[in-house]
Amino acid sequence: MNTTPKKMLPLYAKVSSALAREAVYAGALPISRLPRLADALADNTGEMAVDLHLARDARRAPKLEGEISGALNLQCQRCLRVFAWPLSCPVDLRLVFNEEEETRVMKEAEAYLVADDNLPLHAIVEEEVLLALPLAPRCERDDCSPH
Ligand SMILES: [Zn+2]
């Protein structure tokens, strides 16, 4: 039996050193740590599994890539019951370091403007998941009917 406590996703990644060693940031992130996301869900229970890595693409441009997954409790807009919505959200962000670069990159990729050397991993995950949430969640149960 595996009793090792789950590793938590670090709050920040240090961009310069993380890029140099193509660091991997993997771990659990409880919904309760993300107040804006918790407000958009039916409750603040559960957690997500986050697997991100910093690397350079073929053109040496820095990227944050990976995947966020988990089950989020949403309220069905039709029957109003809470159900577990399966989250599977790819992350593919080009890291840019000034606004000029941001404007240029945004034409071809999703850009993230790094304010200082710290990449706020929790805040980035929260933003990505908020964007991935369905606008009108439906539980898709057989007996789903208007409340
Ligand atoms: Zn329903």
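Where a number appears in this text, it was derived from the coordinates with a stated rule and is not lab data. Here the structure is a predicted model, which is why all the values come from computation and not from measurement. Note that we place each Cβ from the backbone using ideal geometry, even for glycine, and neighbour counts take in every protein chain shown.
Longest exposed-loop-site-free stretch of the chain, with GluC sites (Glu not before Pro), DSSP loop and at most 15 other Cβ within 10 Å?
Answer - 23-107.
Using amide H atoms built in the peptide plane, which far-off residues or other-chain residues are under 5 Å from Glu47 H to H?
HN-HN under 5 Å from Glu47: Ile31, Ala71.
Considering all alpha-carbon pairs of the range 8-82, what whole percent are spaced by more than 16 angstrom?
Summing the P(r) of the range 8-82 above 16 Å gives 59 percent of all pairs.
Trypsin sites (Lys or Arg not before Pro), restricted to the range 61-128: which are DSSP loop and have at most 16 other Cβ atoms within 10 Å?
Arg78, Arg81, Lys107
For the chain, take the longest principal axis of its alpha carbons; what is the angle in degrees between that and the long axis of helix 121-132, to the nearest 10 within 0 to 90?
Computed tilt is about 50 degrees.
What distance in nm lies between label points placed 7 Å from Cα along the C-beta direction at Asn118 and Leu131?
2.3
For the range 9-58, state which trypsin sites (Lys or Arg not before Pro) are in a DSSP loop and have at most 14 other beta carbons lying within 10 Å of their beta carbon.
Those that pass, being in a loop and sparsely packed, are Arg21.
Compute the FRET efficiency between Arg81 and Ala28 as 1/(1 + (r/R0)^6), taking r as their Cβ-Cβ distance and R0 = 25 Å, and round to the nearest 0.05.
After rounding, the FRET efficiency stands at 0.40.
Straight-line reach from Lys107: which lysines have Cα under 25 Å away, leaving out those fewer than 8 places along the same chain?
Lys63
At 20 °C and a viscosity of 1.002 mPa s, what translational diffusion coefficient does Stokes-Einstein give for the range 12-132, taking Rh as the Kirkwood radius over Cα pairs? Give it in µm²/s as a whole number.
139
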